Amino acid sequence: MTEEQKQAVLAADLNRAIALGGNIYFLAKLGATHGKSFQQMAGSMTGMTEEEYRDMMLKGGRSAEGNRYTGENGSAQPQNQPQGHGTGKLL
């Protein structure tokens with residue numbers, strides 16, 4: 001791991017870990033280490049509470065409208081989402 005990746009893990013900064021090459025399986029292990037559910041992790045990454053994230057998923061998830069483009073500045077990035085900016089921090 002790079003020093004930057006190590007710092008993201010130590011800070012439990014999920015969004016940073018993803019940006020530095022982490023994947024969902026890695027994040028699930030990191031979250032479990034801290035006793036967090038996937039709902040809690042996903043909520044923290046998207047700027048939603050755990051309840052808001054759960055309710056959104058129960059209603060079918062995010063609309064594909066506005067979430068079709070990825071990349072550094074694509075509309076699927078957290079800063080371009082209507083729910084705001086998630087910290088992505090577990091702690």
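FYI, it's all coordinate maths here, none of it is from the lab. Computed from a predicted model, the values in this text were never measured in an experiment.
Do me a favour and compute the ellipsoid semi-axes for the stretch 17-67 from its Cα gyration tensor, root of five times each eigenvalue, largest one first, whole Å.
Numbers: eigenvalues 85, 43, 14 Å².
Semi-axes, largest first: 21, 15, 8 Å.
For Lys89, the residues 5 or more places off, or on other chains, whose built amide H falls under 5 Å of its own are Leu14.
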